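What follows is a short report on a single structure.
The values are calculated or read from the model by the stated rules, or taken from the named source; none is laboratory data. If you're wondering where the values come from, they're calculated on a predicted model, not measured in any experiment. Don't worry about glycine lacking a Cβ; one is built from the backbone with ideal geometry, like all the others, and counts go over all protein chains shown.
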Amino acid sequence: MALKKLMTNINRLNGEVTIPGDKSISHRSVMFGSIAYGETKITNFLPGDDCLSTISCFRKLGVSIEESENEIRITGNGFEGLTEPDAILDVGNSGTTIRLLMGILAGRPFFSTVAGDESIGKRPMTRVTGPLTKMGASLDGRKNSAFTPISIRGGQLNPIHYELPVASAQVKSALILAALQTDGESTIIEPAETRDHTERMIRKFGGEIDKDHKVITVKGGQKLTAATIHVPGDISSAAFFLVAGAIIPDSEIVLKNVGLNPTRTGIIEVMKKMGANLEIVQKDDQSFEPVGDLIIKTSKLTGTVVEGDLIPKLIDEIPIIALLATQAEGKTVIKDAEELKVKETNRIDTVVDELRKLGASIEATDDGMVIYGKSNLHGGSVSSHGDHRIGMMLAIAALLSKQDVELEQSEAISVSYPNFFAHLNMLIH
């Protein structure tokens, strides 16, 4: 368990960072390359632990995946090219890997078992195993298939008409991947729109999918063909530097080639609502995902309310938004965010507990938190609790402290941003 002394008492951040590849898109590019026909090439792939777990799982399923410093090459032979694994498919800490993988495996005519680390073992899987069972898959796991390890006896699936009880891109994507393997048409209805990388990826790989606001229609039996994917920078990773640039005095940071998918830009909407000095330079050359540069400068911020349909567009950014709110004038309320309780940690309680250790005035609610600004943060000993986004948030919080801050379990950050501390160092002059 790594203990890291964090950088503190920083008076200025200035420079340019090229944000690493988007985690969600990196996962999906490997999965779709594996179930498509032909050779898929991926550049700017995120080599974080979670995405490497996805590569490992698909290699165990018989897919040829070659990695070099600049490119991933995948030779796919369609869904039919996947073969029964000899060992358990270990997803590590990746909820995206396990849930989307179950959607793929549900339609394959062989036996497999998926499992992960201690955190994955606590995350609810019924939201995926339930509808997949309705489609005809045979799944079995701890506590009536609610928790891992989960064994899957795949086979012929039936189309489904399904209303998701929670807004979850992972559940939606698992059902879309299962629906592609049926003989008919499936309809999936979301309670609120979630990130649409899976839908975009299907089109990029030559498939068809219809989306009318919250209603998604997908036909089974489609054959996908290989594609060339350049993964845009991850806006969830960019969010930490956006907040750092806004709250550290005399700062200006340019973030290059950041994905600006409108289902992911909630962090930008919230920061602008709070008064952030933020400029977006959209790129004209748009491939399947919109991309641009972001310029953030030190900002005078005011509190706000974050709620409703905005929550799915920033669910992963709420820990860093909580820190942002500690440096805003007035009260910020985050609500309708119950989903935070079933992330890598219970992010509501963890964010509140750890920021309080540094002097923040913040309290937990049943579905979010209330933050009172403006707080003077001080030193202390904090922990990521094995959650990469909590770890990065605390590293940014430490920049404001005049005293020492130590972070336990700093290694968790490598899950999504292996070069995080190197990039942070580049901005300190």
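When the stretch 80-111 is filtered for residues that are among the charged types (D, E, K, R) and surrounded by 16 or more Cβ atoms within 10 Å (Cβ to Cβ), the ones remaining, listed by number, are ASP90, ARG99, ARG108.
Exactly one residue out of PHE110, PHE79 is aromatic (Phe, Trp, Tyr), in the same structural domain as ARG28 (by TED's automatic domain parsing) and closer than 25 Å to THR228 by Cβ: that is PHE79. Within the stretch 258-316, being among the polar types (S, T, N, Q) and not in a strand (DSSP E or B) holds for ASN261, THR263, THR265, GLN286, SER287, THR298, SER299, THR304. Does THR225 meet the test of being over 19 Å from ALA397 (Cα atoms), touching a residue at least 40 places away in the same chain (Cβ under 8 Å), hydroxyl-bearing (Ser, Thr, Tyr) and not assigned by TED's automatic domain parsing to the domain that holds TYR417? Yes. Pairs are defined by a Cβ separation below 7 Å, a sequence spacing of at least 6 or placement on different chains, a first member in the stretch 28-52 that is surrounded by fewer than 21 Cβ atoms within 10 Å (Cβ to Cβ), and a second member that is part of a helix (DSSP H, G or I); the pairs so defined are ASP49/SER414; ASP49/VAL415. Within the stretch 217-257, restricting attention to residues that are under 30 Å from ALA178 (Cα atoms) and in a strand (DSSP E or B), the residue that is nearest to the chain's Cα centre (by Cα) is GLY233.
Just one of the numbered conditions (1) surrounded by fewer than 22 Cβ atoms within 10 Å (Cβ to Cβ); (2) without any contact (Cβ under 8 Å) to a residue 40 or more places away in the chain is not true of ALA276: (1). Counting only strands (runs of 3 or more DSSP E) that sit completely within the stretch 71-177, those holding 3 or more residues that are within 30 Å of ILE413 (Cα to Cα) correspond to 72-77, 111-115, 147-153.
In the list ILE296, ILE315, which residue meets the criterion of being aliphatic (A, V, I, L, M) and buried (at least 23 other Cβ atoms within 10 Å of the Cβ)? Outline the logic, then answer.
Details: ILE315 fails: buried (at least 23 other Cβ atoms within 10 Å of the Cβ).
Only one candidate qualifies: ILE296.
For the stretch 384-415, the candidate set comprises residues that are among the hydroxyl-bearing types (Ser, Thr, Tyr) and more than 22 Å from ALA337 (Cα to Cα); within that set, the residue that is surrounded by the most Cβ atoms within 10 Å (Cβ to Cβ) is SER410.
The residues listed here are ALA360, ALA337; of these, the one that is modelled with pLDDT of 95 or more and not charged (D, E, K, R) is ALA360. Residues in the stretch 402-412 that are touching a Gly at 6+ places or on another chain (Cβ under 6 Å) and farther than 22 Å from HIS378 by Cβ: ALA412 only.
Of everything listed in (1) surrounded by fewer than 23 Cβ atoms within 10 Å (Cβ to Cβ); (2) assigned by TED's automatic domain parsing to the domain that holds ILE318; (3) not in a strand (DSSP E or B), the single unmet condition for GLY207 is (2). The residues of the stretch 68-77 that are surrounded by 14 or more Cβ atoms within 10 Å (Cβ to Cβ) and more than 19 Å from LEU89 (Cα to Cα), listed by number, are ILE72, ARG73, THR75, ASN77. Scanning the stretch 255-265 for residues that are in contact with a strand residue (DSSP E or B) (Cβ under 8 Å, 6 or more places away or on another chain) and either surrounded by fewer than 18 Cβ atoms within 10 Å (Cβ to Cβ) or without any contact (Cβ under 8 Å) to a residue 60 or more places away in the chain (or both) turns up LYS256, LEU260. Here SER24 meets each of (1) more than 14 Å from the chain's Cα centre (by Cα); (2) surrounded by 23 or more Cβ atoms within 10 Å (Cβ to Cβ); (3) not aromatic (Phe, Trp, Tyr) with one exception, condition (1).
Taking the stretch 68-94, which residues are at pLDDT 95 or above, more than 19 Å from GLY155 (Cα to Cα) and of a type outside the set (S, T, N, Q)? Within the stretch 68-94, GLU71, ILE72, ARG73, ILE74, GLY76, ALA87, ASP90, VAL91, GLY92 meet the criteria.
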